[in-house]
Amino acid sequence: MTPGPTALHFSEATSHDMFAQRLPHSKDDSLPQILAAAVTHLHALIRELRPTQADWRKAIEFLTDVGHASDERRQEWVLLSDLLGVSALVEEINSRRPKAATPNTVRGPFFRADVPQLALGSNISLDGIGETVDVSGRVQDLDGDPIANAEIITWQANAQGFYENQQPDLQPEFNLRGSFRTNTDGHFHYRTIKPCGYGVPDDGPVGKLLRQAGYPLRRPAHLHFIIKAPGFETITTHIYDSSDPHLAEDAIFSVKPDLVRSFERQGEGATTWRLDVAFVMVRARQGADT
Ligand code: BEZ
Ligand code: FE
């Protein structure tokens, strides 16, 4: 059949339009539109970079390696999204919390859901290595009213910058992890050690690629928190140590001024520290994820 006057031939200029033309136009299904937009940007990138077949095979090998490196213990795709700034950008686009509320940040790959529930005041440093920090905090709503029985899940790196699940042979299981509940005043407290900043793992395809490109993989010292309470939006966030010199270079773009706190010495010259934190929750919007 002779092509009509508007029919396109596949060429550098028309490739993305040819793809898009084959998709149905549907008001109810956003998938065709998403695919057309993704392919338009992908073809523009290919036109800009002009890879050889060998270059493109390398790109496909990289993506294959990312898939092979991912399992229940390690999520290399999430690491890729985090390090390319995509996770932080998606968070930014969706963050509609009032200024006074605690912002969300990236959860990261070292979270474990099966964390032990501990009594207030417990020490989550199971090997006792590091400088002691007494953490005390409160959970409140936007009016400043305490939220009782909120769940606080915390996890952090040790004083050398490693998580327990990175060093299963060197650290006790669940070292520097715990889940606590706020008391009737919305308060919680526990003991831990001062975390150290660390390099994002570069033993997988994502870390290797970015290291090769000269991308800084540092994360400044931080504690991770997830705060859950019925009727409120779950907070997934970090608290950063204000004394860390690398706050401005966080590899995953998660440092926000409201999340930076100073660890105070318990006395002059003391090697034990105190950290006060407050988390402000917003009521869950109807039908929204909590
Ligand atoms: C973390 O802080 O645990 C983390 C987050 C994203 C990528 C790598 C590490
Ligand atoms: Fe971390």
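The values are calculated or read from the model by the stated rules, or taken from the named source; none is laboratory data. Just so it is clear, the structure is predicted and the values come from calculations on it, not from any experiment. Here the Cβ is made from the backbone with ideal geometry for all residues, glycine too, and neighbour counts use every protein chain on show.
Count, please, the residues in segment 129-161 that happen to be more than 17 Å from LEU275 (Cα to Cα), in a loop (DSSP other than H, G, I, E, B) and more than 16 Å from ligand 1 (Cβ to nearest atom).
9
So PRO24 passes all but one of these: (1) modelled with pLDDT of 95 or more; (2) exposed (fewer than 10 other Cβ atoms within 10 Å of the Cβ). Which condition number does it fail?
Every listed condition holds for PRO24 apart from (1).
Give all pairs with beta carbons closer than 9 Å in which a residue from segment 132-159 that is under 15 Å from ILE235 (Cα atoms) meets a residue that is among the charged types (D, E, K, R) and within 16 Å of ligand 1 (Cβ to nearest atom); count only pairs at least 6 apart in sequence or on separate chains.
From residues that are under 15 Å from ILE235 (Cα atoms), the pairs are ILE153/ARG177; THR154/ARG177; TRP155/ARG112; TRP155/GLU164; TRP155/ARG177.
Taking segment 27-57, which residues are polar (S, T, N, Q) and surrounded by 12 or more Cβ atoms within 10 Å (Cβ to Cβ)?
Looking only at segment 27-57, we keep the residues that are polar (S, T, N, Q), and these are 30, 33, 40, 52-53.
Correct list: GLN33, THR40.
Go through (1) modelled with pLDDT of 95 or more; (2) surrounded by fewer than 17 Cβ atoms within 10 Å (Cβ to Cβ); (3) small (Gly, Ala, Ser) one by one and return the number of the condition GLY161 breaks.
So GLY161 meets the others, but not (1).
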